Amino acid sequence: MPEKEIIIEIALERLRDFPGSPFSVAMDEPMEDLIESIRIYGILNPLIVRPIPDGCYQIISGHRRKFAAAKLRYRKLPVIIRALNDDEALVAMVDSNLQREKIRISEKAFAYRMKYDVVKREGKHPKEYFYGEKYHGIKTIEFMGKEQKDSPKQVQRMLNVTRLIPELLKKLDEGKFGFTPAAELALLCKEEQYLLNDAMEYSQSAPTLSQAIRIKHIADREDLTMDQLVRILNENNKKVLKRVVFADDSIYQYFSPEESPQEIKEEILRMLQEKKDQNKADQQKAESELKQVILGYTDRIQGIGTQSTGAQGVRTQGTGAQGSGKNRAGIQGSQNNRETKGPSEELPEANQNRRMSRQAVLEILQNRYNIKLDQPEREQSERKEETVNV
């Protein structure tokens, strides 16, 4: 029977992180939940460590618990000590961390790579040394896939992803780059990958699987160029009817070098939206002012017509030759006044019909300025319809 493992407490400053671990520890939301859990219940699962020559202990499993305990100012942590060599420690570290619920694709890929490199060493540490005779004669990627419930092809894609440059790995973790196309394009040389990254930034698009296969075939036959990559990536934007592309650096002089193309795009769209909103507000203000001018102008015409009607009534009260003479003089004076008036004081349409209603004048002005008054104003105009002399 194996010896029962004993849990002991070791000072936090004597615990060392595993060198080269692909798993990162960050202050994110899951870490905040872990800190709160440890604050309430304490550390329920002890850390797994192994002794190292400097009198300290190397963490195999428990890096996140150590980080959370340090935030809570723990001085000692519960641990289980295991005597493991370097390869055994690496495999144990990878297996324990792969059980986490949330890990990034790049973390899982590099964990697969580290484990693959260890168990692949035939002779010194064959697979049976770690996993028993049941894996005898099975390919490494096959038994690794069985442990993590991945197909051998998926394991191979994970191993390929580790060849990506950091910029493409970041896009992969952020969801801007598909996993399968990334695994296909990871086989490009580093210079071609940097060129691909620039093309993705320029076109603001990521290759699909079919595009990734085409790019790889082109790279196998000839040297990849920026024009080829951009042309392929722009196929994803065929549904866009109108596109504006700045082919030179003229746009970048208005932005700081630290801003990414995506940030520049968002800033330009924000400024255009502000300009559009301002133009709309200015147009509404101009239409409102024009409505007021039209209504005032029609009211003025109505007042002039009322005065003319009153004056005509007074003139028709005269009798005999004197009254006729006054009327003729009044008519002659009116004709002279109209001849001396400027063209701006009479509407051309009014000359064609000497008698029109206020509503008719209003409609002429509306048609001329191509606007529509609100319905309440139109109803009010109909209620106040009167005959006007122009």
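Every number in this text was worked out from the coordinates using simple rules, so none of it is lab data. It should be emphasised that the depicted structure is a prediction, and the values quoted were computed from it without experimental measurement. Glycine gets a Cβ as well: all are built from the backbone with ideal geometry, and neighbour counts include every protein chain shown.
Would you please classify the overall shape of segment 164-240 from the alpha carbon gyration tensor, given that a ≥ b ≥ c denote the square roots of the eigenvalues, rounded means a/c under 1.5, and beyond that prolate means a/b larger than b/c while oblate covers the rest? Rounded shape, in that the Cα axes give a/c under 1.5.
Pairs from the table (Lys146/Lys176; Lys108/Lys176; Lys115/Lys149; Lys120/Lys190; Lys115/Lys139; Lys76/Lys102) lying more than 21 angstrom apart at Cα are Lys146/Lys176; Lys120/Lys190; Lys76/Lys102. Taking amide H positions as modeled 1.01 Å from N, with prolines and chain starts lacking one, the residues under 5 Å from Ile60 and 5 or more places away or on another chain are Ile48, Val49, Arg50. Residue ranges 15-26, 150-161 sort as 150-161, 15-26 when ordered by packing (mean number of other C-beta atoms within 10 Å per residue, highest first). Positive-end ranking of Pro46, Gln58, Tyr112 along the dipole of segment 36-124, with charges on Cβ about the Cα centre, is headed by Pro46.
Cα gyration tensor of segment 2-108, axes a ≥ b ≥ c as square roots of the eigenvalues: rounded (a/c below 1.5), prolate (a/b > b/c) or oblate? Oblate, since a/c reaches 1.5 and b/c is not below a/b. Ranked by the mean number of other Cβ atoms within 10 Å of their residues, highest first, the peptides 283-296, 222-235, 54-67 come out as 54-67, 222-235, 283-296. Converting phi to 3J(HN,Hα) with the Karplus coefficients 6.51, -1.76 and 1.60 and the offset θ = phi - 60°, segment 141-154 yields 5, 6, 6, 5, x, 5, 5, 9, 6, 10, 6, x, 5, 5 Hz in sequence order, with x at every glycine or proline.
A simple rule links phi to the HN-Hα coupling: the Karplus curve 6.51 cos²θ - 1.76 cosθ + 1.60 with θ = phi - 60°, which for segment 55-60 gives x, 10, 10, 9, 7, 8 Hz, with x for Gly and Pro. Our coupling estimate for segment 215-226, obtained by passing each phi through the Karplus curve with A = 6.51, B = -1.76, C = 1.60 and θ = phi - 60°, is 4, 5, 5, 4, 5, 6, 8, 8, 6, 5, 10, 4 Hz, Gly and Pro reported as x.
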